[in-house]
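Bear in mind these aren't lab numbers, they're just calculated from the coordinates by the rules spelled out. Model, not experiment: these values are computed from the prediction. In this analysis, Cβ positions are derived from the backbone assuming ideal geometry, glycine residues included, and neighbour counts consider all displayed protein chains.
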Amino acid sequence: MKKFIKYTAIIIGVALVSVLTREITGMLFDKSSEKDINTVLAETVPKINDQLPRMLQENMRLDSVSAANQEMHYYYTAVNLDLSEIDPNSPMLEKFKNNTGPILTENYCNNKKMEVLVKNDIKANYHYYDNNQSLFAEFQTLPKQCK
């Protein structure tokens, strides 16, 4: 039961993760800039990474971001998750995958601070790793999902 509570907290933390992501993105992008969006991305990524890694809650850490070819990538670690200790077909992992994508898309599409990404056709990619750096989930949000 203790493990279940710990892993459930990871799922709940996704909402907090997306809030921080959109705040950082909104804070650093200058909407009035005349620069090419890829230039803006290239200039913004180091500013974001200067603030990372950052614990978002007890179980989730935003480690880094990257950008290339009109795509943002966000890399997270579930610090209390060890995939070797759970069944790969675990309902907990399935629930995380089923719930997280829609939460990320909702935040991407409906938050004013993310608007610059949507308007400039920037894809958002989210990569989740366990504490051994084993990938356990990936999500992509596309601007066309917002229309």
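Details
- Subtracting the Cα-Cα distance of residue 140 and residue 94 from 0.36 nm times their residue separation leaves 14.9 nm of extension gain.
- Sequence-ordered 3J(HN,Hα) estimates for the stretch 63-74 from the Karplus curve with 6.51, -1.76 and 1.60 and θ = phi - 60° stand at 8, 6, 10, 8, 8, 6, 6, 6, 9, 9, 10, 10 Hz, glycine and proline given as x.
- Amide H to amide H, with H built 1.01 Å from N, residue 79 comes under 5 Å of 60, 61, counting only residues 5 or more places away or on other chains.
- Cα-projected label distance for residue 68 with residue 112, points at 7 Å along beta-carbon direction, nm: 3.5
- What separates the Cα centres of the stretch 75-111 and the stretch 41-71 is a distance of 18 Å.
- Among 80-87, 109-116, 58-65, the order from most to least packed when residues are scored by Cβ within 10 Å on average: 58-65, 109-116, 80-87
- Calculated FRET efficiency, residue 43 to residue 103, Cβ-Cβ distance, R0 = 22 Å: about 0.20 to the nearest 0.05.
- Residues of type aspartates and glutamates that residue 147 reaches as a straight line, Cα spacing below 13 Å, ignoring anything fewer than 8 places off in the same chain: 106, 115, 121
- Calculated FRET efficiency for the pair residue 52/residue 84, C-beta based, R₀ 22 Å, to 0.05: 0.30
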